[in-house]
Amino acid sequence: PGIDPEVEAQWITEAEINDVEGVVAIPGAVAFLKGLPGDQWALVTSAPRELALRRLQAAGIAPPAVLVTAEDVAIGKPNPACYVLGAQRLDVPVQDCLVFEDATVGIRAGEAAGADVMVVTSTHHVSMVTEHPSIADYEQWRVQRNADGLLSLLGVTG
């Protein structure tokens with residue numbers, strides 16, 4: 001009682017923007033993302049835009065051309081609207097997208113959107129149980145673009 005939730009949410013967001021100590025990229029993520037064509041990937045996050053950009057900067061990741069943040073959708077994850085909007089901005093059907101997710105609500109949003117989902121497990125201390133394929137990090141993965149411009153995820157050996 002007596003607390004304004006919007007004021008409190010803004011205070012928390014500002015605190016997160018100002019404190020990025022310990023924010024690091026998942027192993028292999030920087031190289032993996034640099035290997036993606038800039039017009040064929042998007043960041044879709046429930047975070048406000050300013051916070052998303054600050055965390056990307058702290059992790060050493062250049063922001064993509066397409067960014068979908070909390071300000072872009074009326075209802076956040078697990079609602080699929082964020083992934084549908086990301087696909088629209090990339091000008092591809094969402095069914096042709098692969099969502100990399102580490103949160104249950106994001107996994108549910110990707111499923112509901114009709115995208116394929118890859119679960120990233122390195123952000124969890126306890127293993128996630130999921131029916132989707134999963135990766136611990138991005139160190140053993142790269143993307144190959146075929147003659148039609150479609151991307152394939154490939155495991156790197158040795």
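The values are calculated or read from the model by the stated rules, or taken from the named source; none is laboratory data. In this text, all values refer to a predicted model and were calculated from it rather than measured experimentally. Counting neighbours? That spans all protein chains shown, and the Cβs are built from the backbone with ideal geometry, glycine included. Note: accessible area is taken over every heavy atom of the protein model, side chains too, but ligands, DNA and RNA are not part of it. Shrake-Rupley method; radii C 1.70, N 1.55, O 1.52, S 1.80 Å.
Details
- Taking θ as phi - 60° and the Karplus parameters 6.51, -1.76 and 1.60, the scalar couplings of the range 63-73 work out to x, x, 5, 10, 10, 10, 10, 3, 5, 8, 10 Hz in sequence order, x denoting glycine and proline.
- Per-q log10 I(q)/I(0), the range 42-127, q = 0.14 Å⁻¹ (Debye; single scatterer per alpha-carbon; no solvent): -0.46
- With eigenvalues of the C-alpha gyration tensor scaled by 5 and rooted, the range 1-52, Å: 31, 14, 7
- Given charges at beta-carbon only (K, R positive; D, E negative), |dipole| of the chain in Debye: 480 debye
- Modelled label positions at Ala147 and Ile12, each set 7 Å beyond Cα in the direction of Cβ, lie 5.2 nm from each other.
- Interchain or long-range residues, amide H under 5 Å from Val66's placed H: Leu43
- Under a 5 Å amide H cut-off, with hydrogens placed 1.01 Å from N, Asp102 pairs with Val120 among residues at least 5 apart or on other chains.
- An ellipsoid equivalent to the range 3-158, defined through the eigenvalues of its Cα gyration tensor, has semi-axes of 25, 19, 16 Å when rounded to whole angstrom and sorted largest first.
- The angle separating the long axis of helix 5-18 from the principal Cα axis of greatest extent in the chain is about 60 degrees.
- 3J(HN,Hα) along the range 136-150: 7, 7, 9, 4, 9, 10, 8, 10, 10, 9, 8, 4, 7, x, 7 Hz, from the Karplus curve 6.51 cos²θ - 1.76 cosθ + 1.60 with θ = phi - 60°, whole Hz, x for Gly and Pro.
- Each stretch of four or more DSSP H residues adds -39500 (n - 2.57); spread over every residue of the chain, this sum gives -9500 deg cm²/dmol at 222 nm.
- Estimated distance in nm for a label pair at Ala62 and Leu36, the labels positioned 7 Å out from Cα along Cα-to-Cβ: 1.4 nm
- For q = 0.28 Å⁻¹, Debye-computed log10 I/I(0) when each Cα of the range 31-83 counts as one equal scatterer: -1.11
- Where both bridge residues fall in the range 47-157, DSSP classifies roughly 45% of the beta bridges as antiparallel.
- Heavy-atom surface analysis with a 1.4 Å probe gives the range 50-158 a carbon and sulfur content of 50 percent of its accessible area.
- Across the range 88-94, coupling constants 3J(HN,Hα) worked out from phi with the 6.51/-1.76/1.60 Karplus curve, θ = phi - 60°, read 4, 5, 7, 6, 9, x, 4 Hz, and Gly and Pro carry x.
- For the chain, the longest principal axis of the Cα atoms and the long axis of helix 49-59 meet at an angle of about 60 degrees.
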